[in-house]
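The values are calculated or read from the model by the stated rules, or taken from the named source; none is laboratory data. For clarity, every value in this text was computed on a predicted model and none was experimentally measured. Methodologically, a virtual Cβ is constructed for each residue, glycine included, from the backbone with ideal geometry; neighbour enumeration extends over all protein chains shown. In case anyone asks, the SASA skips ligands and DNA or RNA and just uses the protein heavy atoms, side chains included. Shrake-Rupley method; radii C 1.70, N 1.55, O 1.52, S 1.80 Å.
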Amino acid sequence: ALALALWPAPRRLEDAADPGAAARMTDAAEVVGGDVVHLHEDTWRDRGDIVRARLLNRAGRARRVFGRKTVAKPVDAAVARAFLEEHHLWRATKAKYAYGLFLQEELVAVATYTKRKLVKRPDGARRTHELLRFCARRDARVVGGITKLLKAFLRDREVDDIVTNIDRDWGGGANWRSLGFETVEVMPPLPMALGRDGRRFLCGRDVGLPNGRPGLPEPLLAELANGGADARERLAAYDLFLVHDAGVERLLLSITPTNKTASQLWDSQRPPKNGFYGPTNNTGIANLLDAARKFSPADARDDDAASLRNAGPPSAAEVVASAPSACFPGATVEVRARPNGWRTLGIAMDDGRNIYHGIYDETDASKLVAEHLRTIATLALCVGARRYLHLGYGAGVLPGFLSRAVDDSTHVAVELDAAVAAVAPIAPRCDVVVGDAVDYVLRGDERFDG
């Protein structure tokens, strides 16, 4: 499922959203296999033609080009730059290598790469390139395009690893992970300053340089350097207000066989990546970056969200339990086993659709990874109840969490589909009643305080 989040441009200090708002929405969507596109007002005004085309593409209303019918070959840097300026939302960036996909004589997609870096890892130096940009024509969807461009690049060069960064404002990295990439880091939201003349950047290699990204005015930089506690107020005095993206996701594709996972390769490289934007010697900017880091998406290797992120798509997982649905003729309620111990519970419809129902960890079915369940659990704990009624069972995660968090609590879950009750893990001290939840409430057979 695709959702669109609209972010108006702040025009007063109090209009600015909190730094982690977009990142949290993207994290929550990924848990249920969806995507959120974050559309900022200034992006629409500046590159609305490309945004409109990309949204139509995501909705399936774009010309389809099949990669197998194209030819991949190197292209001149000027050709690649012109193509990216016209079709890529964030325009072109300096690159060492550029490859294009041609449908007869028409250039339909471009990928650009950095020069080779010898990255020190435990097993020795590995030849690493970064995939900087991949972009198809704004009016086309090139099926298998990036796969073909990667193969062309790897055919011409000896490569051990490919690294790339994706903009989480347009969703997480599920599509890249389906190609063999593994998420190795999720960066915090990036603070930027928005004014009447557009977006300004606080840090970065090319910020403030000729032909680079616009930075802050020099007088403002001097003020921020002298005292950073009131950085947002100092920005506002120049009619500049903070906006934050959903962060950047870094992914790694290991080409040369190794006994290390992508995450292990990334974590062990020397010198290590710092895991945040900067550094900067400007006190005020450092404070703004640090404030955004506090809202960083969870990406520790032992973190539940990071573990789920690299568990692969539910559709590719093995069915380990199933039962015919009692609500949808011809449908089946399935439990699918995914890597890292995750289990997805869903309804496989007879028309090919899959309806997400819940997800749980087989070793601890009470883990809360979905943002909406965490919110409900927080409210439930605030009530201080002991007897809980759950309208719908899901995958049993919420009753399982509350039964663990509140030692003497008891639970009743009313689930419409008997097949869900048959295949889902049963939470401790929870009775699952098969039936209509509204009818159950209206009968009033029992009293609950939560």
Open item on the list: Show me, for segment 371-376, the HN-Hα J-couplings you get by feeding each phi into the Karplus relation (A = 6.51, B = -1.76, C = 1.60, θ = phi - 60°), rounded to Hz, glycine and proline as x.
Closed with: 4, 5, 6, 5, 5, 4
Open item on the list: If you average the C-alpha positions of segment 110-171 and of segment 403-450 separately, how far apart do those two centres end up, in angstrom?
Closed with: 49
Task: Spin-label proximity, residue 114 to segment 229-262 - amide N less than 15 Å from point 7 Å beyond Cα toward beta carbon - done: 249-253
Open item on the list: Under 5 Å between amide hydrogens, which residues at least 5 positions from residue 75 or on another chain qualify, with H placed 1.01 Å from N in the peptide plane?
Closed with: 98, 99, 100
TODO: Could you state the orientation-averaged shadow area of the convex hull built on the Cα atoms of segment 132-271, in nm² to one decimal?
DONE: 11.9
Task: Cα-derived Rg to Rh of segment 100-152, Kirkwood definition - done: 1.13
TODO: Can you tell me the FRET efficiency between residue 404 and residue 318 if r is taken as the Cβ-Cβ distance and R0 is 25 Å, rounded to the nearest 0.05?
DONE: 0.35
Task: Student exercise, the chain dipole from Lys, Arg, Asp, Glu Cβ charges, in Debye to nearest 20 - done: 2140
TODO: Could you provide, to the nearest whole Å², the per residue accessible area of the chain with probe 1.4 Å?
DONE: 50
- [ ] Take segment 48-155, compute every pairwise Cα distance, and split them into 5 Å bins from 0; I just need the percent in each bin.
- [x] 2, 13, 22, 22, 18, 11, 6, 4, 2, 0
Open item on the list: Distance between the C-alpha centers of segment 33-84 and segment 1-22? Whole Å please.
Closed with: 23
Open item on the list: Eigenvalues of the Cα gyration tensor times 5, then square-rooted: what semi-axes does that give for the chain, in whole angstrom, largest first?
Closed with: 41, 29, 22
Task: From phi via Karplus (6.51, -1.76, 1.60), per-residue ³J(HN,Hα) for segment 361-369 in Hz, x at Gly/Pro - done: 8, 5, 8, 7, 6, 9, 5, 9, 10
Task: Longest to shortest principal axis, alpha-carbon extents of segment 30-92, angstrom - done: 37, 29, 23
Open item on the list: Rounded to whole Å, give me the distance from the Cα center of segment 361-400 to that of segment 178-235.
Closed with: 39
- [ ] With springs only between Cα atoms under 10 Å apart, run a GNM on the chain and tell me which of 326, 28, 262 wobbles the most.
- [x] 326
Open item on the list: Given a 1.4 angstrom probe, I'd like the percentage of the accessible area of the chain that is carbon and sulfur, rounded to a whole number.
Closed with: 52
- [ ] Return the subset of 117/367; 73/294; 69/273; 94/120; 117/148 for which the Cα-Cα distance in this structure is over 32 Å, preserving the input order.
- [x] 117/367; 73/294; 69/273
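Give me D for segment 354-450 in µm² s⁻¹, whole number, from Stokes-Einstein with Rh from the Kirkwood sum over alpha-carbon pairs, 25 °C and 0.890 mPa s.
So the translational diffusion coefficient is about 180 µm²/s.
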Task: Helix-only CD estimate at 222 nm, as mean residue ellipticity for the chain, using -39500 (n - 2.57) per DSSP H run (n ≥ 4) - done: -8500 deg cm²/dmol
TODO: Return the FRET efficiency for the residue pair residue 237, residue 165: r is the Cβ-Cβ distance, R0 is 25 Å, and the value is rounded to the nearest 0.05.
DONE: 0.15
Open item on the list: Starting from the 7 Å offset along Cα-to-Cβ, what nm value, one decimal, do you get for the label separation of residue 383 and residue 431?
Closed with: 1.8
TODO: Taking just the C-alpha trace of segment 69-215, give me its Rg and Dmax in Å.
DONE: 16.5, 51
